[in-house]
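Taking it in order: structure first as structure tokens, then the write-up.
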Amino acid sequence: SRLAAAVAGALSLCEVPTRMVWTRGGFSFAAAAGKALARRAAPSALPAAHDEAAKRLFLASRWRRALWIWSVVLEQSLGLQRIRLLRLAGRTIVADRWVHDTLADIAARISGSGAARLPRAACSLLLGLAPAADLAIHIDLPAEVAWRRKPDGLPIESRERLAAAYGEILSGTPVERLDGTLPPDDLAQIAVQRALKICFARFTRDSREAAP
């Protein structure tokens, strides 16, 4: 996203070894290729990519729902290990999306499918494997505004379900909430300032600890 790219660019300008990664379960190249192949192999058995109602009906089956949720969770869990390796190599990671986005996507998708809530084991696994973030930012945007800004063919109800899912997933989570109605440049500037403040504070602390 524009915000993540701005933060990564600012850190790189400050000569901080930085890597920007995409971390949203179910949307990796391998996942997208697998879904495309499955739809091509069995077009009548799987819902279309933008048919949200058909997807919820498809997930009404308990075993299908469990298979889908765990495939998404395990896929992202593997991706998180790549981030751990990059951090061990001394890289600062700017993640475009995080595990909370994945959980919100799942929660929004299964709402109305017969599932009351996310499986606790899947949530615990994904949250437990995610490295602790020094800064987590959530762009808080009303569902109607998000729907108007991104005309992807989905009904506004899908945005409303996603907004409700985010509200539940992020409840009690230490995140910086930014007003999504602000101009994109203003949002990027705020995010960059927050990230640099944390980065410089850590550099100052480490320098003091290393001083004789």
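Before we move on, is Arg205 closer than 30 Å to Arg56 by Cβ, charged (D, E, K, R) and free of Cβ contacts under 8 Å to residues at least 24 places away in the same chain? Here the answer is no, as Arg205 does not meet what is asked.
Out of Trp68, Trp63, one residue alone is closer than 18 Å to Ala107 by Cα, surrounded by 14 or more Cβ atoms within 10 Å (Cβ to Cβ), modelled with pLDDT of 85 or more and aromatic (Phe, Trp, Tyr). It is Trp68. So, Leu178, is that one open to solvent by less than 60 Å² (accessible area, probe 1.4 Å), in contact with a His (Cβ under 8 Å, 6 or more places away or on another chain), aliphatic (A, V, I, L, M) and over 30 Å from Ala60 (Cβ atoms) or not? Considered against the rule, which asks whether it is open to solvent by less than 60 Å² (accessible area, probe 1.4 Å), in contact with a His (Cβ under 8 Å, 6 or more places away or on another chain), aliphatic (A, V, I, L, M) and over 30 Å from Ala60 (Cβ atoms), Leu178 comes out as yes.
Here is a yes/no grid of residues against (1) among the basic types (Lys, Arg); (2) within 29 Å of Thr204 (Cβ to Cβ); (3) touching a Phe, Trp or Tyr at 6+ places or on another chain (Cβ under 6 Å); (4) not in a loop (DSSP other than H, G, I, E, B):
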residue: Ala4; (1), (2), (3), (4): no, yes, no, yes
residue: Val7; (1), (2), (3), (4): no, yes, no, yes
residue: Gly26; (1), (2), (3), (4): no, no, no, no
residue: Leu46; (1), (2), (3), (4): no, no, no, no
residue: Ala54; (1), (2), (3), (4): no, no, no, yes
residue: Ala66; (1), (2), (3), (4): no, no, no, yes
residue: Gln81; (1), (2), (3), (4): no, no, no, yes
residue: Ala95; (1), (2), (3), (4): no, yes, no, yes
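Is it fair to say Gly114 is farther than 23 Å from Thr18 by Cα, touching a Ser or Thr at 6+ places or on another chain (Cβ under 9 Å) and modelled with pLDDT under 85? For Gly114, the condition - farther than 23 Å from Thr18 by Cα, touching a Ser or Thr at 6+ places or on another chain (Cβ under 9 Å) and modelled with pLDDT under 85 - is met. Pairs meeting the criteria (first residue in region 12-41 and closer than 24 Å to Val73 by Cα and modelled with pLDDT of 75 or more, second residue among the aromatic types (Phe, Trp, Tyr) and surrounded by 13 or more Cβ atoms within 10 Å (Cβ to Cβ), beta carbons under 9 Å, at least 6 apart or on different chains) are Thr23/Trp98; Arg24/Trp98; Gly26/Trp68.
Figure legend. Inter-residue proximity from region 94-105: first residues within 18 Å of Trp70 (Cβ to Cβ) and open to solvent by less than 10 Å² (accessible area, probe 1.4 Å), second residues aromatic (Phe, Trp, Tyr) and assigned to a helix (DSSP H, G or I), beta-carbon distance below 9 Å, spacing 6+ or different chains. Indicated pairs: Ala104/Tyr166.
Being touching a residue at least 60 places away in the same chain (Cβ under 8 Å) and either touching a helix residue (DSSP H, G or I) at 6+ places or on another chain (Cβ under 8 Å) or part of a helix (DSSP H, G or I) (or both): is that true of Glu144 here? Spelling it out, it is not the case that Glu144 is touching a residue at least 60 places away in the same chain (Cβ under 8 Å) and either touching a helix residue (DSSP H, G or I) at 6+ places or on another chain (Cβ under 8 Å) or part of a helix (DSSP H, G or I) (or both). Looking across region 165-212, the residues that are of a type in the set (S, T, N, Q), part of a helix (DSSP H, G or I) and at pLDDT 85 or above come down to Gln189, Gln193.
When you go through Arg87, Arg56 one by one, which is the residue that is under 21 Å from the mean Cα position of the chain (by Cα), open to solvent by 20 Å² or more (accessible area, probe 1.4 Å) and closer than 24 Å to Pro174 by Cβ? Among Arg87, Arg56, only Arg87 is under 21 Å from the mean Cα position of the chain (by Cα), open to solvent by 20 Å² or more (accessible area, probe 1.4 Å) and closer than 24 Å to Pro174 by Cβ.
The values are calculated or read from the model by the stated rules, or taken from the named source; none is laboratory data. Predicted, not measured: the structure shown is a model, and the values here were computed from it. Neighbour counts run over all protein chains shown; Cβ positions are idealised from the backbone, glycine included. Heavy atoms of the whole protein, side chains included, go into the accessibility calculation; ligands, DNA and RNA do not. Shrake-Rupley method; radii C 1.70, N 1.55, O 1.52, S 1.80 Å.
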